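Coordinate-derived values only; no laboratory data. Predicted, not measured: the structure shown is a model, and the values here were computed from it. Note: ideal-geometry Cβ built from the backbone for every residue, glycine included; neighbour counts use all protein chains shown.
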Amino acid sequence: MLTSVEQMKQLVTEAIDLGQNGKIRDSKIALRKIYQILKKDPFILWEDIMVSQLGKSIIMMIHWDLLEEEEENIGLALLSYLYISKGIKREENLNSEVDLCELFRLRKDRIILLKSCDDSFVDSLISFYFADKKATNLDTYNEQRKAVLSRLPYLQLSDIYLIEQDYPNLRNDEFLLELANYIESDHQDFSNENLKEAFLLHKVLYQQIYANLKDGKLIY
């Protein structure tokens, strides 16, 4: 009989494989089971090598509208970010030689998440940038929202930058090349200070989401 961890790993593999082979309906069945398990134990694969794949499966949940409530989908995006980032940290901290192909996959997954679910990160970034200036009306909130949305491409560019250190041509990945050109054309003044800011934001997001999940404050 499979343990709960083994069952979860099997479901994640199944959901991703089915989805990548165009069997969306069958993949959704596995994804719903994954979601039900996560509701009970979001840390079930926290120390497992497949934690990042769990994050990838959550991206599929979001893209295929598995849940209807906006707040829950925002929570799923944050959860996916946490799991993928955990996978990145795990790879970077391995005592053995780093698997560059795996790091490429993980960073690309995080870029895809940040690009496709940018709105989901707005409130988290507002709480960081405007911690002492909480919006008291809609106009102020919209101004803050606009400000942090302008920072989200920095997060994507920082991951692209790290990929470029290993693969100067981004492995000729069409998605990454087009995205890099698009962001750089809109942010021609992107500087080393902006890069440092992006690295800091990644750390802040990771710590913030982890703390909220651990304290039961993350709705998903």
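Residues in the range 93-111 that are surrounded by fewer than 21 Cβ atoms within 10 Å (Cβ to Cβ) and under 20 Å from Glu197 (Cα atoms): Lys108 alone.
Within the range 16-30, residues that are closer than 13 Å to His63 by Cβ sit with their Cβ atoms under 8 Å from residues that are hydroxyl-bearing (Ser, Thr, Tyr) and in a helix (DSSP H, G or I), at 6+ positions apart or across chains, in these pairs: Ile16/Ser27; Ile16/Ser57; Gly19/Ser27. Residues in the range 176-211 that are surrounded by fewer than 17 Cβ atoms within 10 Å (Cβ to Cβ), part of a helix (DSSP H, G or I) and more than 15 Å from the chain's Cα centre (by Cα): 15 in all.
Would you confirm whether or not the range 81-88 contains a residue that is without any contact (Cβ under 8 Å) to a residue 60 or more places away in the chain and surrounded by fewer than 18 Cβ atoms within 10 Å (Cβ to Cβ)? No, the range 81-88 has no match at all. Checking each residue in the range 112-134 for being surrounded by 15 or more Cβ atoms within 10 Å (Cβ to Cβ) and either under 22 Å from Glu47 (Cβ atoms) or among the basic types (Lys, Arg) (or both) picks out Leu113, Lys115. Lys217 falls short on exactly one of the conditions (1) among the basic types (Lys, Arg); (2) over 24 Å from Ser57 (Cα atoms); (3) touching a helix residue (DSSP H, G or I) at 6+ places or on another chain (Cβ under 9 Å), and that condition is (2). Looking only at residues in the range 154-167 that are without any contact (Cβ under 8 Å) to a residue 60 or more places away in the chain and charged (D, E, K, R), the one that is surrounded by the most Cβ atoms within 10 Å (Cβ to Cβ) is Asp159.
Return the pairs, sorted by first residue and then second, in which the second residue is among the charged types (D, E, K, R) and surrounded by 14 or more Cβ atoms within 10 Å (Cβ to Cβ), the first residue lies in the range 178-196 and is touching a residue at least 40 places away in the same chain (Cβ under 8 Å), the beta carbons are less than 9 Å apart, and the residues are 6+ apart or on different chains. Going by the 9 Å Cβ cut-off, the qualifying pairs are Leu179/Lys115; Asn194/Arg151. For the range 9-32, which residues satisfy the criterion of being of a type in the set (S, T, N, Q) and surrounded by 15 or more Cβ atoms within 10 Å (Cβ to Cβ)? Ser27 - this is the single residue of the range 9-32 that is of a type in the set (S, T, N, Q) and surrounded by 15 or more Cβ atoms within 10 Å (Cβ to Cβ). For the range 144-153, indicate whether the set of residues that are outside any loop (DSSP other than H, G, I, E, B), over 19 Å from the mean Cα position of the chain (by Cα), of a type in the set (S, T, N, Q) and buried (at least 16 other Cβ atoms within 10 Å of the Cβ) is non-empty. Yes, the conditions are met somewhere in the range 144-153.
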